[in-house]
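Read the structure below first, then the notes.
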């Protein structure tokens, strides 16, 4: 699927998740945390980072958690964040961890908690962005091969959970502006007395 702003058929869109929460998903390096924080400041709403929440719950960094307890321990804590999101007062921008969509329950529940946007970029670009990142490897493969593999594995999951895709390859300022335009347009749409019909028509296009 081409990288564009628009509704997807993967997750059905309804008024109940517009525009109280904007949930950003995507691979490491796609800019979820940076764009999310900047967007929240721009829109004057709250910001929540699921990876930061996991680190607070674990009492250690994600790198330390992977090293001492393994990825499964991290994922177990991460699955609990879905309940936390549901109980937080909107409006809010939420930046998620790259692997949050790997669990089926998360993929099913995220679209019910807010408007989910997939920040998509090529694995090659993302690899250059995070090459010096302290985050732990997810496989035993060489770095670039791991990035290609993870991108290929997770891409269908992102599409399934997302309501829309935004190209995350331009500079972060452009990505934030696209997100702001999207959220403002959704706000206008949800305010319409015919919102459900309009949303249904836009999804069918």
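The values are calculated or read from the model by the stated rules, or taken from the named source; none is laboratory data. All figures in this text were calculated on a predicted structure; none of them were measured in a lab. Ideal geometry is used to build each Cβ from the backbone, glycine not excepted, and the neighbour counts take in all protein chains shown.
Listed values, structure above:
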quantity	calculated
Residues of segment 153-162 satisfying the condition of being touching a helix residue (DSSP H, G or I) at 6+ places or on another chain (Cβ under 7 Å) and closer than 11 Å to residue 119 by Cα	158
Qualifying residue in segment 43-52 (condition: modelled with pLDDT of 90 or more, closer than 16 Å to residue 166 by Cα and surrounded by fewer than 20 Cβ atoms within 10 Å (Cβ to Cβ))	no
Residue 184 vs. criteria outside any loop (DSSP other than H, G, I, E, B) and either at pLDDT 95 or above or buried (at least 16 other Cβ atoms within 10 Å of the Cβ) (or both)	no
Only listed residue being modelled with pLDDT under 85, surrounded by fewer than 20 Cβ atoms within 10 Å (Cβ to Cβ), over 11 Å from the mean Cα position of the chain (by Cα) and more than 17 Å from residue 101 (Cα to Cα), chosen from 5, 34, 61	5
Number of positions in segment 151-163 that are surrounded by 14 or more Cβ atoms within 10 Å (Cβ to Cβ) and in a helix (DSSP H, G or I)	8
Sole residue being surrounded by 13 or more Cβ atoms within 10 Å (Cβ to Cβ), within 18 Å of residue 38 (Cβ to Cβ), in contact with a helix residue (DSSP H, G or I) (Cβ under 8 Å, 6 or more places away or on another chain) and at pLDDT 85 or above, chosen from 176, 116	176
Every residue from segment 64-99 that is more than 18 Å from the chain's Cα centre (by Cα) and touching a residue at least 60 places away in the same chain (Cβ under 8 Å)	66, 67, 71
Check on residue 166, in contact with a strand residue (DSSP E or B) (Cβ under 6 Å, 6 or more places away or on another chain) and not in a loop (DSSP other than H, G, I, E, B)	yes
Selection count, segment 93-107, where residues are in contact with a strand residue (DSSP E or B) (Cβ under 7 Å, 6 or more places away or on another chain) and either at pLDDT 95 or above or assigned to a loop (DSSP other than H, G, I, E, B) (or both)	4
Residue match in segment 143-150 (condition: at pLDDT 95 or above, within 16 Å of the chain's Cα centre (by Cα) and part of a helix (DSSP H, G or I))	no
Tally of residues being crowded, with 20+ Cβ neighbours inside 10 Å and either part of a loop (DSSP other than H, G, I, E, B) or at pLDDT 95 or above (or both) across segment 11-21	4
Verdict on residue 135 being within 28 Å of residue 174 (Cβ to Cβ), at pLDDT below 90, surrounded by 14 or more Cβ atoms within 10 Å (Cβ to Cβ) and touching a helix residue (DSSP H, G or I) at 6+ places or on another chain (Cβ under 8 Å)	yes
Helices (runs of 4 or more DSSP H) within segment 32-83 that include 2 or more residues touching a strand residue (DSSP E or B) at 6+ places or on another chain (Cβ under 6 Å)	32-43
